[in-house]
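Working notes, structure below.
The values are calculated or read from the model by the stated rules, or taken from the named source; none is laboratory data. Note that the structure is predicted; figures quoted are calculated from it, not measured. Here the Cβ positions follow ideal geometry from the backbone for every residue, glycine too, while neighbour counts run over all protein chains shown.
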Amino acid sequence: MANPHPIQRLAEERFFHQKDAVKSGIQGALVGGGAGLLFSAVQNSLAKHNVGAWGVFTRTGGTIASFTAITTIYSFSKDAAANLREKDDSLNTAIGSFLGGASLGLRTGRMPRILGYGAAFAVVMTAFDYTGGSLRGTRTEVPGMDEYERKEYLRRNRRRPIDETITDIGEGRGIEPSGYEERRRERLKEKYGVEIKPVSTLAE
């Protein structure tokens, strides 16, 4: 029996590779810090009193700290959980998002809010990850297969034979498969009794 394609084998076996949790945490801090800086600048610009450009850090700097903490803890704990469990699934996202959401509730100092923020963030992120992690739908990835090979396999796997397509839509209207001219002349002869001789394009 021929070996199944990597996409077909993916449902049967999952490969796990160790992740760099520290690197992920640093990247999360940069992304979260940038997003927090943007939101802080918007808050500062909407202030009724002129607090100056440094108000981004002095007046609404807590926004930057919150965004940075959430994304850093989420990214680090998600990959750390994956390394400890040696599995790459939605449970890692649930762990990371719960801890990241809980860090947002630490500012209040109340345990119900800490648990509530963590649970809400975990539900949203886990559902998003479980359904494919993309607004475009589930995207199957295979280790060792680049995007070009994946699309080529899917294109060949879903391609219909040209004969079936022509049977469904019919000939003519710019669709001229092999032998179209001969069949067209036969149809014209049967319907109108006119025999059309093919014209050679070569000069005699």
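Values for this structure:
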{"read-out": "Qualifying residue in segment 43-63 (condition: of a type outside the set (Val, Ile, Thr) and within 24 Å of the chain's Cα centre (by Cα))", "value": "no"}
{"read-out": "Filter result (part of a loop (DSSP other than H, G, I, E, B) and modelled with pLDDT of 65 or more) within segment 174-200", "value": "Glu176, Pro177, Ser178, Gly179, Gly193, Val194, Glu195, Ile196, Lys197"}
{"read-out": "Segment 1-39, residues that are at pLDDT 85 or above and farther than 25 Å from Glu86 by Cβ", "value": "Ala29, Leu30, Val31, Gly32, Gly33, Gly34, Ala35, Gly36, Leu37, Leu38, Phe39"}
{"read-out": "Some residue of segment 88-97 being in contact with a Leu (Cβ under 8 Å, 6 or more places away or on another chain) and surrounded by fewer than 19 Cβ atoms within 10 Å (Cβ to Cβ)", "value": "no"}
